Amino acid sequence: MTAALLRFELAGARRARVATIFAAGFALAGIGVALAGLSAGGVLSVQGFARTSMSLLQMVIWVVPMLALLTGAAAGSEMRDLEFVAALPVSRGGRVFSRWAALTATLGGAVALGLGAAGVVIALMAGDADGWRYLRLALVSELLLAATLAVGLWIGIAASNRTRALGIAMAAWFVLVIGMDLAVIALLSALPAKGVGAWLTAVLLANPVDSARVLGLSLFQADAIAGPMGAALRRVLGGWGAGALMLGLLGWTAVPLVLAGRTLKRG
Amino acid sequence: MIQLRGLQHAYGSHRVLDDFNLDVDGGEVVALVGPNGAGKSTVLRLATGGLAVAKGAVEIGGFDLASRPIDARRRLGYLPQKLGVSLSTVVSDLARLVAASRGVAAVEAFDALGDAGLGARLDATLGELSGGQRQRVLLVLASLGPAAALFLDEPAISLDADGSADVQAIIRRARDEGTAVLFASHHLTDVAALADRMVVLVDGCAVAQGGVAQLVAEGGLQWNGTGAPPIEAAYRAIVMRARAGGRVPLALVGARIA
């Protein structure tokens with residue numbers, strides 16, 4: 001029955017315009033970033049995969065969580081009203097998982113399609129050197145999308161109505177993308193230097209966006225821009241940093257889904 | 001069969017249902033009637049899992065909704081008052097989902113929709129249908145396949161005369177197949193024609209129950225069994241008396257009326 005519900009949710013998610021917007025937006029952004037603009041000589045030049053990936057990372061960090069949190073919150077809020085579907089013999093957890101999986105597959109496919117289209121253009125015009133970095137950037141994007149969609153769904157189910165759900169989702173985006181970084185800066189100035197690394201690592205794992213950011217930056221061995229978070233991570237976790245971050249993102253996917261299922265059951 | 005025991009529910013601090021008990025046997029049709037806000041939809045939402053049961057118990061076809069929710073829901077069909085499905089849902093997708101949940105082939109669902117005059121709209125979204133067509137789609141799918149219990153919330157709302165006749169036919173067929181039917185309606189004349197028993201809800205309490213003759217007598221009116229029963233007047237009298245004299249809940253609304 002859950003398989004039937006998953007097919008049903010997939011059909012619904014595919015029809016949603018947000019997937020098309022995602023695909024088109026990422027394709028345009030990828031190509032736009034790759035086209036470095038007119039050089040001093042007035043000739044159009046194209047950046048390779050390494051620089052394009054670095055530029056796109058920042059957009060991924062800001063845009064993917066926002067769209068995923070809002071989409072998830074709207075979808076979660078709607079679930080409370082779907083009483084015809086709620087009366088079917090599917091567990092609440094199954095309903096939440098089906099909706100999350102359908103949205104992740106559809107929006108994830110759209111991101112892959114968008115970045116893929118841009119990647120083809122870049123490869124044709126600038127060669128395929130460092131293409132692996134671009135592929136890993138796509139993987140980081142998908143992990144971040146899955147995690148923030150799960151958080152958005154939970155918010156949508158827990159909030160009393162759609163407007164409140166979207167408001168909380170926007171607040172969550174602000175906290176995850178900007179607020180926690182500000183908190184970390186304050187933490188750095190308040191705590192003694194000794195032992196700060198462990199705190200920073202904990203904060204890093206406690207924020208899926210920061211996890212994705214440092215995971216993305218690690219693709220470029222960009223120690224300088226990874227900042228105190230990245231430095232702390234390397235010091236505390238050594239070579240296991242990337243694995244810990246990926247596990248953290250998977251945790252940020254699984255835990256909100258479980259909580260969403262429980263909240264829907266109580267509602 | 002449907003068994004509701006000690007159901008209570010509140011929206012915030014506003015209690016809308018107070019110690020509600022009801023049994024509906026297989027092959028019996030029971031109507032919930034009452035003024036707006038009496039708690040009719042709340043009963044149906046609690047019984048089908050749309051609302052979590054905080055106090056009380058629901059049993060469908062012998063399965064407790066709290067401890068065996070999947071088994072209980074596998075045995076029920078539900079037509080909510082509000083649409084209950086996204087407007088962007090394609091009719092055939094919904095039909096496939098419901099068919100899978102009832103263990104019948106999708107083609108059976110398509111045939112049932114075709115019989116209801118909706119065969120040409122299988123590829124349409126619910127948003128592209130008229131209100132009456134949407135209601136028919138959900139009504140047909142709610143009553144698809146074998147079910148121990150059928151819950152209908154204002155099933156004839158937004159339907160034309162043909163649609164109302166279809167609702168009555170679906171309810172009668174379900175009764176003939178041994179399904180317990182519980183529906184809420186404001187159309188008292190239709191209710192009187194269809195229901196074996198009516199339960200009058202006022203302010204979250206069941207204040208009267210019975211067949212047409214019993215409710216007419218309960219309302220202090222005379223009816224010799226011929227001609228149209230004065231059910232509207234009897235209903236108004238019962239509601240007014242309940243409101244004037246305070247709520248006196250029935251301990252158990254379960255006995256089948258002979």
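The values are calculated or read from the model by the stated rules, or taken from the named source; none is laboratory data. Everything numeric in this text was worked out from a predicted model, so none of it was measured. Here Cβ is always computed from backbone atoms with ideal geometry, including for glycine, and neighbour counts include all displayed protein chains.
Which ones in segment B:1-14 are outside any strand (DSSP E or B) and under 23 Å from B:GLN168 (Cα atoms)? The answer is B:MET1, and nothing else. For segment B:167-215, filtering for residues that are among the small types (Gly, Ala, Ser), more than 14 Å from B:ALA234 (Cα to Cα) and surrounded by 21 or more Cβ atoms within 10 Å (Cβ to Cβ) leaves 7.
For B:ASP93, the test of being of a type outside the set (A, V, I, L, M, F, W, C), crowded, with 16+ Cβ neighbours inside 10 Å and more than 14 Å from chain A (Cβ to nearest Cβ) is failed.
Checked against (1) facing chain A (nearest Cβ under 8 Å); (2) within 18 Å of B:PRO146 (Cβ to Cβ); (3) assigned to a helix (DSSP H, G or I); (4) in contact with a Lys or Arg (Cβ under 9 Å, 6 or more places away or on another chain), B:ALA109 passes all but a single condition, namely (1).
Selection of segment B:96-108 for residues being touching a strand residue (DSSP E or B) at 6+ places or on another chain (Cβ under 9 Å) and surrounded by fewer than 23 Cβ atoms within 10 Å (Cβ to Cβ) yields only B:ARG102. Before we move on, is B:GLY77 in contact with an Asp or Glu (Cβ under 8 Å, 6 or more places away or on another chain), within 12 Å of another protein chain (Cβ to nearest Cβ) and not in a helix (DSSP H, G or I)? No, not satisfied. Just a yes or no: is a residue in segment A:183-197 within 26 Å of A:THR71 (Cα to Cα) and not polar (S, T, N, Q)? No, every residue in segment A:183-197 fails to be within 26 Å of A:THR71 (Cα to Cα) and not polar (S, T, N, Q).
Within segment B:80-90, being over 17 Å from the mean Cα position of the chain (by Cα) and facing another protein chain (nearest Cβ under 8 Å) holds for B:VAL85, B:SER86, B:SER88, B:THR89, B:VAL90. Only a single item in (1) part of a loop (DSSP other than H, G, I, E, B); (2) over 14 Å from B:ARG75 (Cα atoms) is not met by B:GLY178, and it is number (2).
For segment B:216-226, name all the residues that are surrounded by fewer than 21 Cβ atoms within 10 Å (Cβ to Cβ) and not β-branched (Val, Ile, Thr). Within segment B:216-226, B:ALA217, B:GLU218, B:GLY220, B:LEU221, B:GLN222, B:TRP223, B:ASN224, B:GLY225 qualify. The residues on offer are B:LEU32, B:LEU17, and the sole one that is buried (at least 17 other Cβ atoms within 10 Å of the Cβ), touching a His at 6+ places or on another chain (Cβ under 7 Å) and assigned to a strand (DSSP E or B) is B:LEU17. Count of segment A:1-21 residues, restricted to those that are at the interface with chain B (Cβ under 7 Å from one of its Cβ atoms) and at pLDDT 80 or above, is 6. In segment A:99-114, the residues that are over 27 Å from A:LEU264 (Cα atoms) form Cβ pairs under 6 Å with partners that are buried (at least 20 other Cβ atoms within 10 Å of the Cβ) and at pLDDT 90 or above, at six or more places apart or across chains, as follows: A:VAL111/A:SER141.
The set of residues from segment B:44-71 being part of a helix (DSSP H, G or I) and either facing another protein chain (nearest Cβ under 8 Å) or in contact with a Ser or Thr (Cβ under 9 Å, 6 or more places away or on another chain) (or both) comprises B:ARG45, B:THR48, B:PRO69, B:ILE70, B:ASP71.
The numbered conditions (1) among the acidic types (Asp, Glu); (2) over 26 Å from B:VAL140 (Cα atoms); (3) under 13 Å from the mean Cα position of the chain (by Cα) are all true for B:GLU28 except (2). When A:LEU182, A:LEU191 are screened for being modelled with pLDDT of 80 or more and surrounded by fewer than 20 Cβ atoms within 10 Å (Cβ to Cβ), only A:LEU182 passes.
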